[in-house]
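See below for the structure under consideration.
None of the figures in this text is laboratory data; all of them are computed from the coordinates on show. This one's a predicted model, so the numbers in the text were calculated from it and none came from an experiment. Neighbour counts are summed over all protein chains in view; Cβ atoms, including those assigned to glycine, are modelled from backbone coordinates with ideal geometry.
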Amino acid sequence: MAAMSSDEFERGESADPAATPRGKRPAASLARGITVIEAALKTLPGTPGVYRMLNADGDALYVGKARNLKKRVSNYAQAAKLSVRLKRMVAETASMEVVATHTEVEALLLESNLIKRLMPRYNVLLRDDKSFPFILVTADHDFPRITKHRGARNRKGDYFGPFASAGAVNQTITALQRAFLLRPCADTVFAVRTRPCLQYQIKRCTAPCVGRVDREAYAAQVRQARDFLTGRSREVQEEFAHSMQRASEALDFETAARYRDRLRALAHIQSHQDINVEGLTDADVVALAEEAGQTCIQVFFFRSGHNYGNRAYFPSHERGLPAADVLASFLGQFYDNKAPPKLVLISHEPTEQALIAEALAVRAAHTVELLRPQRGSKRKLVDHALANARLALGRRLAESASQRRLLDGVAVAFGLDSAPTRIEVYDNSHVGGTNAVGTMIVTGPEGYVKNAYRKFNIRIGERSEAPAPVDSEAAVTSVPSGGAADAATGLGTQAPLDADAAIAPGDDYAMMRQVLTRRFQRALKEDPERTSGSWPDLVLIDGGQGQLNIAQSVLAELGITDIAVTSIAKGPDRNAGRERFFMAGREPFALEPNDPVLFYLQRLRDEAHRFAIETHRARRTKAMARSALDEIAGIGAARKKALLLHFGTAKAVGQAGLLDLERVPGISKTVAKKVYEHFHEEG
């Protein structure tokens, strides 16, 4: 990072031009920022708390905690002692907000929560922290179910995890079904079964839905599964082995074979643990590797003696930030929405380690030890995690370098002034105009930015009045809007720019118009100065000249003239590798068949297509799953579930008598009458 003088800050200049988002922003003044801080100091208490530095738009620049607010914040008023990064932050500060807390631990917990919620640009940010999947063994049914669970733990039952990925959960559940024969089906399916399903045939369930196993025997299966998942695997294996031996001695070889298969399933689970440490029950292993100004933090999860996998994180932070500070910020944010185990093994000692351990203990309601082991099996485990962190960071750096070369190639191919830092790719998906959706994917120097992907439910319907004709020579400003449009040019009829305008089914041009209008109208409303980094350098449309005309007309009508727009169309016979590109002011062109930039653009197009199809299928599935009960006012999810559990199907509900409806638990006489009248009203 280039050095910078105080005089440059006074003039509002930036030390790092790449760090300044596109678009105009008010000139930053270090002196003005210090004045704001000095004014806040007059009323600050000398107690623990959290402070927020805000810019002129009210967005958080930095969130920090302090044991003594007055002493901590006063450091920012001493310009000579500030680093270039802090000088830039102070120069952008237009106001401050402070929350006093009773203790420093409370301040640390609040700081972590606010950082994750506000995502201030000058903090260490954990951007890819997603909820982890768990295994749930339900406890609100006579015959408990085993299933994957993600999100709030509202349902009654036992939760086992976290697992590093959904794939790890699915594999474990499949093995547990083979070992303990627990049902995976939903309660609604269970209630209407009349004969065993395929899970019973392939020996993964004992079919309690049709009475092939009684409640007591099934409860024993559930107990064994819980014992195994809570670390008592040896006892469960011994129990299976004794049962197999007894069956064999009694010449009941079929039963003995079943226990043999269940023992093999348990062995299969344990053989896929990859790495285990004797005596380690519940623990997380957190290892940090840094190189070239970037950091990778690898986290391994151990629960009940089982290795539940690992995940790599790449927190965003300023170059040169000490590893101790990065790790401290990571731990606070990582455990903000999940309970830490009693032991967390770490590769580095974080800043304020004792305070972090105390804060985690408050959050978890049990003691939490942060341990940096120096020798033995625990040290080997940390070294293993550290090696994985270094490998992941090496791959990340290699991918970043390759990505930068590709983006430079995109700039050359499309005649851009510089490599794009944000590319948005748009696509639509529908079947005959039904369940139409539009999608946007985002990519940049770090690869796909999946938390920036967007879905648009397209509003379908006939227009209320005929639109005015458009000048056929005005290709750039023309707005095709229907079946009358020429397939090659996209020229047809034009309607006023209206994101809420209903469109005809199957009108791909109008669908794209609606998506782009909604996207950029919202961008103009939420970030007109383009300071958030959410504006694209390049818009890529899946389509030909017609789709390009649509995109250009939308941007032109919104007054957006500085975003490059390109459409990509498959070549003759829709062959990949013969794509043609369309841009304003240029004849359609193609790239060399073996050009890496062409392969990169194909991948972007295919990713947008994949996301659009998945979004459309999800919407179509949801529409198909709608029940006639959804049309009845006052019938929410709970009552709908009660009716379906009692009668089995919506059709059976419609055929039920009034007295039968009144007998359903949770359904009052008033509600029963409403349901009955809905299905039996005359006319």
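Using the Karplus relation 6.51 cos²θ - 1.76 cosθ + 1.60 with θ = phi - 60°, the per-residue 3J(HN,Hα) values for the stretch 192-203 come to 10, 5, 10, 8, x, 8, 4, 4, 5, 5, 9, 6 Hz, with x marking Gly and Pro.
Shape annotation for the stretch 134-271: C-alpha extents along the principal axes are 48, 37, 23 Å, from largest to smallest. Could you name the lysines in cross-link range of K81, using Cα to Cα under 16 Å and dropping any fewer than eight places away on the same chain? List returned: K71. Using the Cβ-Cβ distance between N457 and D252 with R0 set to 41 Å, the FRET efficiency from 1/(1 + (r/R0)^6) comes to roughly 0.10.
Using 0.36 nm per residue, how much length does the chain from R150 to D408 gain when fully extended, once their Cα-Cα distance is taken away? Stretched fully, the R150-D408 segment lengthens by 88.9 nm. For the stretch 637-647, backbone phi angles converted through the Karplus equation (6.51, -1.76, 1.60; θ = phi - 60°) give residue-by-residue couplings of 5, 5, 5, 4, 4, 4, 5, 5, 5, 7, 9 Hz, Gly and Pro being listed as x.
Karplus couplings for the stretch 660-667 from phi (6.51 cos²θ - 1.76 cosθ + 1.60, θ = phi - 60°), rounded to Hz, Gly and Pro as x? My calculation for the stretch 660-667 gives 5, 5, 5, 7, 6, x, x, 10 Hz in order. Applying 1/(1 + (r/R0)^6) with R0 = 30 Å to the Cβ-Cβ distance of R620 and Q655 gives a FRET efficiency near 0.60. Fully extending the segment from A166 to N337, taken as 0.36 nm per residue of separation minus the present Cα-Cα distance, adds 59.7 nm.
Which of the residue pairs K65/K450; K116/K378; K42/K65; K640/K674; K116/K338 have a Cα-Cα distance greater than 21 Å in the structure shown? Spell out each step's value before the answer.
Details: K65/K450 30 Å; K116/K378 30 Å; K42/K65 18 Å; K640/K674 13 Å; K116/K338 13 Å.
Beyond 21 Å between Cα atoms: K65/K450; K116/K378.
Report the FRET efficiency, 1/(1 + (r/R0)^6), for S95 and S534, where r is their Cβ-Cβ distance and R0 is 25 Å, rounded to 0.05. Intermediate results must be reported in sequence, preceding the final value.
Working: r = 23 Å, r/R0 = 0.91.
After rounding, the FRET efficiency stands at 0.65.
Taking every Cα-Cα distance in the stretch 310-405 and sorting them into 5 Å bins starting at zero, the pair-distance distribution P(r) comes out as 2, 12, 18, 23, 21, 13, 6, 3, 2, 0 percent.
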